[in-house]
1. Against the definition (in contact (Cβ under 8 Å) with a residue 40 or more places away in the chain and surrounded by 22 or more Cβ atoms within 10 Å (Cβ to Cβ)), how does residue 349 come out, yes or no?
2. Pick from region 175-195 the residues that are more than 16 Å from the ligand (Cβ to nearest atom) and either in contact with a Gly (Cβ under 6 Å, 6 or more places away or on another chain) or of a type in the set (A, V, I, L, M) (or both): which of them is modelled with the highest pLDDT?
3. Just one of the numbered conditions (1) away from the ligand (no atom under 16 Å from the Cβ); (2) surrounded by 24 or more Cβ atoms within 10 Å (Cβ to Cβ); (3) in a loop (DSSP other than H, G, I, E, B) is not true of residue 148; which one?
4. Does residue 214 meet the test of being away from the ligand (no atom under 13 Å from the Cβ) and farther than 27 Å from residue 94 by Cα?
5. Filter region 352-366 down to the residues that are within 16 Å of residue 403 (Cβ to Cβ) and surrounded by fewer than 17 Cβ atoms within 10 Å (Cβ to Cβ), then identify the one that is nearest to the chain's Cα centre (by Cα).
6. Being away from the ligand (no atom under 16 Å from the Cβ), of a type in the set (A, V, I, L, M) and either assigned to a helix (DSSP H, G or I) or in the same structural domain as residue 328 (by TED's automatic domain parsing) (or both) is the requirement here; does residue 230 meet it?
7. Just for region 259-276: of the residues that are assigned to a helix (DSSP H, G or I) and more than 19 Å from the chain's Cα centre (by Cα), which one is farthest from residue 383 (Cα to Cα)?
8. For residue 49, only one of the following conditions fails: (1) closer than 21 Å to residue 120 by Cβ; (2) at pLDDT 95 or above. What is its number?
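The values are calculated or read from the model by the stated rules, or taken from the named source; none is laboratory data. Since the model is a prediction, treat every value here as computed from it, not as a measurement. Every residue, glycine among them, receives a Cβ derived from its backbone with ideal geometry; neighbour counts consider all protein chains shown.
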Amino acid sequence: MSKLRFVNCLLISTAICFFLPSIAARGGHSDYIYPGDGNSSFHVTARNLFAQEETRPSLELTRGYMTNDDLEKAMKDFTKRCSKISRLYSIGKSVNGFPLWVIEISDRPGEIEAEPAFKYIGNVHGDEPVGRELLLRLANWICDNYNKDPLAQMIVENVHLHIMPSLNPDGFSIRKRNNANNVDLNRDFPDQFFSFNEDLSLRQPETMAVMTWLRDIRFTASATLHGGALVANFPWDGTEDKRKYYYACPDDETFRFLARIYSKSHRNMSLSKEFEEGITNGASWYPIYGGMQDWNYIHGGCFELTLEISDNKWPRASELPTIWDYNRKSMLNLVASLVKTGVHGRIFSLDQGKPLPGLVVVKGINYTVKAHQRYADYHRLLAPGQKYEGLMFFPHIQLKIRVIMFVSV
Ligand SMILES: [Zn+2]
């Protein structure tokens, strides 16, 4: 049996809070039928989140937003300008053949390191373009500030940040929610309760690209950016009986903590009159099935939030600088939470110095975090201010050890 040496076990956490003066979130309610499997016809309360509720925004409204070609050029220009800390890659193509571009930001872009990775995805819904604009701004802000701003520096040096401004360029080009095959990409993932199909080959190319991406890169956490409301949404998104109520996932406390980081760092999200603290459990708001968020947590080992960042899906382009200003700290703090909180470390055998990829399980939380196969680093996000008891399993050497983890405030 190998003796174990624990290296670099960081037990750090933080509580991040940027309260700013009150501005009420702009919300608008509408009751409508849940567009599910045909059997459900209960009413839910939500905002303009579904295609059938919408009229396409006028071309006039899209003025000032980047076209797909503009966005592609901006991403290429960015990786040229910031070549030291970034690279551009594509994870596949949309139905109409547009590349699904991603910018990776890191001090060692393209390399695998013993560090957590975070991904932001925007424009999952074609008619929600604010996220794609903000993500380009985020990349540029980090590039401009990583030598002078501690948060930007922390992200560049300790995280691999992957930014995909648009998952749905085809939907964007026709100003519609769904992709070119008229499929809602945020209903196209395998679902734990009601999967519409389990055949990977029948999934949309954009969905498949994301699923393959998560096999290639081990993301610790992520967020998708949507529009139509102002709230940070966390799992579960669906319930077993399709009714609407709070349905907590095993890491409910940690998800609430992450969602609060976003809402409380935001200019006005946490001041919401509708959502306490500006956060919500997905199923308690309105259940959905086949969403990307739950799939990430269940199958990708990735803690994903769904962020509704603008009540107005298509605000005038002149408002974008303000919306960016409202979201900037939130976006940065959420990424930085990967290194500021939770339990992280690497495990090596003492005799040969080989990385020992194990499994980390925290007592009372039915969820397993895997250490990296090659580097044996693990990143277990946990709500701060508590002592946790954990177990590490090393199936290949049939070893099980007990550890106490402190996650301080
Ligand atoms: Zn959306």
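1. Details: in contact (Cβ under 8 Å) with a residue 40 or more places away in the chain: yes; surrounded by 22 or more Cβ atoms within 10 Å (Cβ to Cβ): no.
No; evaluated as a whole, the condition is false for this residue.
2. Just the residues of region 175-195 that are more than 16 Å from the ligand (Cβ to nearest atom), to begin with: 180-181, 190-195.
If we keep only those that are either in contact with a Gly (Cβ under 6 Å, 6 or more places away or on another chain) or of a type in the set (A, V, I, L, M) (or both) as well, we get 180, 191, 193.
Values: 180: 97, 191: 90, 193: 90.
Out of the qualifying residues, it is 180.
3. Going through the list (1) away from the ligand (no atom under 16 Å from the Cβ); (2) surrounded by 24 or more Cβ atoms within 10 Å (Cβ to Cβ); (3) in a loop (DSSP other than H, G, I, E, B), residue 148 breaks only (2).
4. Details: away from the ligand (no atom under 13 Å from the Cβ): yes; farther than 27 Å from residue 94 by Cα: no.
In short, no.
5. 359
6. Numbers: away from the ligand (no atom under 16 Å from the Cβ): no; of a type in the set (A, V, I, L, M): yes; either assigned to a helix (DSSP H, G or I) or in the same structural domain as residue 328 (by TED's automatic domain parsing) (or both): yes.
No, not satisfied.
7. Just the residues of region 259-276 that are assigned to a helix (DSSP H, G or I), to begin with: 259-265, 269-271, 276.
Cutting the leftovers down to more than 19 Å from the chain's Cα centre (by Cα) gives us 271, 276.
On the way: 271: 22, 276: 18 Å.
Here the answer is 271.
8. (2)
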